[in-house]
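Laboratory data are not the source of any read-out in this text; all were calculated from the coordinates shown. Predicted, not measured: the structure shown is a model, and the values here were computed from it. Note that each Cβ is placed from the backbone with ideal geometry, even for glycine, and that neighbours are counted across all protein chains shown.
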Amino acid sequence: MSMKIYDFVIVGGGICGCSVAYHLRQHYENILLVDKLDGVSKGASGAAGAFLSPLLGKPNKFKTLVNKALLFSIDFYKQHTANFIDNCGTIRIPKDSTDEEKFQSYIPFMEFPFEKVENGYLFKIGSVVNSSSICETLSKDTPKQLNYEVTKMIYDGNYWVLNDEIITKNLILSTGANTKLIKEAFVNIRAIWGQRIDITTTNSTTVNYHKECSISRSVPFGDTLNQLSIGATHHRFEENREVNDEDTKELLLKASDITNLENIEVIARHGGARASSSDYFPIVGEVINSNATLNEFPYLKNGTHVNPSRFSRYPNLFILNGVGGRGFVLSPYLAKNLVEHIIDGKPLIEEIIPDRLFQRWVKKGV
Ligand SMILES: Cc1cc2nc3c(=O)[nH]c(=O)nc-3n(C[C@H](O)[C@H](O)[C@H](O)COP(=O)(O)OP(=O)(O)OC[C@H]3O[C@@H](n4cnc5c(N)ncnc54)[C@H](O)[C@@H]3O)c2cc1C
């Protein structure tokens with residue numbers, strides 16, 4: 001019996017992995033999506049609100065990336081997952097007078113129209129998505145192996161072999177905050193744990209709000225109640241915190257400072273770890289083999305420049321990670337870029353490829 005050989009295996013069924021699966025499926029049939037949990041979106045992705053809103057500020061590369069991705073992803077969700085995105089608008093409420101001044105200083109650089117409303121600024125592009133349904137829809141045509149943790153990956157000269165049994169030509173790692181599979185110190189993902197809560201209330205909201213936390217527009221719940229989400233808390237360097245009362249209290253307090261919600265009942269609490277890179281840019285592309293690269297170019301350690309095109313990379317291994325607190329904004333766009341890069345050799349922008357992390361890591365002294 002000959003063993004099945006996949007064209008692509010994707011490890012991790014969050015919004016990163018599901019977005020890659022969607023784009024790859026336009027070109028390949030022979031794909032497998034693997035997750036250690038019992039479904040897609042059971043990690044950080046299922047915990048997300050998930051709000052899509054513009055990044056405000058003076059021009060910089062991060063803002064350009066986020067806002068490009070926002071336009072792409074909203075359009076993408078509307079096309080492919082229309083039932084699970086609500087482009088209801090988001091009102092940004094300045095936290096205090098300093099925040100208001102900051103907002104004013106950003107006005108010359110606004111990339112999206114907004115209007116002054118009573119207590120803040122309404123951005124019509126602001127949206128909210130159903131995170132789990134989006135992941136399920138994007139990955140629905142991709143065969144899956146669930147409840148399956150990859151603990152071992154070996155390149156045998158031709159193929160990647162996972163846990164000594166799954167064989168694939170190409171491997172894509174989108175494992176979120178859990179980066180144990182990548183034995184490379186420069187891929188330094190930081191976990192930022194967060195909690196979101198879903199509540200019922202007798203009040204209703206027609207737009208999303210964002211101040212110290214976000215509140216979603218409400219949807220009817222039974223005959224008299226409305227349901228909405230409040231998110232999210234942030235705990236740096238914590239990967240495995242449990243959902244807890246303090247975080248619930250914090251969210252309810254912050255929400256009460258935004259709008260009046262009465263007869264609140266918390267009906268669900270979700271927790272998950274965002275995966276953030278050290279410079280907040282995502283990490284997308286081929287993974288550099290640091291040992292092999294430093295063996296070949298030992299003088300890299302003395303600061304000598306080597307053209308990154310000469311760095312040694314693990315063959316047919318790609319990463320999509322580090323999407324931080326904006327996974328639902330960034331992932332569809334980054335996944336499309338990655339797939340075009342793999343298939344057509346289209347270059348990825350410098351800010352997102354792993355090279356910069358490797359170069360900084362070498363500079364710091366290995
Ligand atoms: C409370 C909260 C609120 C948020 N709110 C927003 C928001 O409003 N808007 C927004 O855009 N983003 C938001 N985010 C961020 C967003 O959720 C993340 O950026 C996104 O989910 C990251 O997706 P991912 O695919 O990288 O990771 P994950 O969703 O964590 O997926 C990784 C998957 O890999 C699997 N895996 C890991 N290791 C292995 C292994 N060895 N073998 C098999 N499977 C493995 C895991 O089980 C997991 O399912 C929020 C996050 C949190 C926690």
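Assuming R0 = 25 Å, what is the FRET efficiency of residue 363 and residue 61, from their Cβ-Cβ distance, to the nearest 0.05? Step by step, r from the Cβ atoms, then E = 0.80.
The phi-based Karplus calculation (6.51 cos²θ - 1.76 cosθ + 1.60; θ = phi - 60°) puts the 3J(HN,Hα) values of segment 218-235 at 8, 10, x, 10, x, 7, 10, 10, 10, 10, 8, 10, 10, x, 9, 8, 9, 10 Hz, whole numbers, x for Gly and Pro.
The loop-placed trypsin sites (Lys or Arg not before Pro) in segment 285-366, going by DSSP, that have at most 11 neighbouring Cβ atoms within 10 Å of their Cβ come out as 364. Listed by chain and number, the lysines whose alpha-carbon sits under 16 Å from that of residue 183, ignoring those within fewer than 8 places in the same chain, are 152. To the nearest ten degrees, helix 61-80 and the longest principal axis of the Cα atoms of the chain are 80 degrees apart. Taking a straight Cα-Cα cut-off under 12 Å and skipping sequence neighbours fewer than 8 places away in the same chain, the aspartates and glutamates within cross-link reach of residue 144 are 35, 38, 136. Would you mind calculating the relative contact order of segment 271-366 from Cα pairs under 8 angstrom and at least 6 residues apart, reporting the percent as a whole number? Here the relative contact order equals 42 percent.
The string of couplings for segment 263-272 from the Karplus curve (6.51, -1.76, 1.60, θ = phi - 60°) is 6, 6, 10, 7, 9, 7, 10, 10, x, x Hz, one whole number per residue in order, with x for Gly and Pro. Return the subset of 36/68; 61/180; 58/346; 58/363; 63/211 for which the Cα-Cα distance in this structure is over 27 Å, preserving the input order. Distance filter (> 27 Å) returns 36/68; 61/180; 58/346; 58/363.
Listed values for segment 286-299 are Karplus-derived 3J(HN,Hα) couplings in whole Hz (6.51 cos²θ - 1.76 cosθ + 1.60, θ = phi - 60°), namely 5, 9, 6, 8, 5, 4, 4, 5, 6, 5, 6, 10, x, 6, and x replaces Gly and Pro. Angle, helix 327-344 long axis vs. longest principal axis of the chain, Cα atoms, 0 to 90°, nearest 10? Between helix and principal axis, roughly 30 degrees. A straight Cα-to-Cα reach below 18 Å connects residue 116 with the aspartates and glutamates 96, 99, 100, 101, residues fewer than 8 places away in its own chain not being considered.
Counted residue by residue at 0.36 nm each, then reduced by the alpha carbon distance between them, the extension gain from residue 3 to residue 115 reaches 34.4 nm.
Ranked by the mean number of other Cβ atoms within 10 Å of their residues, highest first, the peptides 236-243, 69-76 come out as 69-76, 236-243. Can you list which of the GluC sites (Glu not before Pro) found in segment 99-131 are DSSP loop residues with at most 11 other C-beta atoms within 10 Å? Those satisfying the criteria are 118.
What nm value, rounded to one decimal, do you get for the distance between residue 246 and residue 141 when each label is placed 7 Å out toward the C-beta? In this crude spin-label approximation the distance works out to 4.7 nm.
Computed extension gain for residue 278 through residue 256, at 0.36 nm per residue and net of the alpha carbon distance, reaches 4.6 nm. Quick check: the distance between the Cα centres of segment 232-285 and segment 54-95, to the nearest angstrom? Value for the Cα centre distance between the two parts: 20 Å.
Considering only 224, 137, 200, the mean-square fluctuation computed in a Gaussian network model of the chain, springs between alpha carbons under 10 angstrom, is largest for 224.
Take the Cβ atoms of residue 152 and residue 297, set R0 to 41 Å, and the FRET efficiency comes out at 0.90.
Under the criterion of Cα pairs below 8 Å and six or more residues apart, the relative contact order for the chain equals 22 percent. With contacts taken as Cα pairs under 8 Å and at least 6 residues apart, segment 52-128 reaches a relative contact order of 43 percent. For the peptides 188-199, 39-50, the ranking by mean Cβ contacts within 10 Å, running from highest to lowest, is 39-50, 188-199. For the chain, with a Gaussian network of springs between Cα atoms less than 10 Å apart, report the residue from 290, 256, 309 with the top mean-square fluctuation. Judging by the Gaussian network model, the answer is 309.
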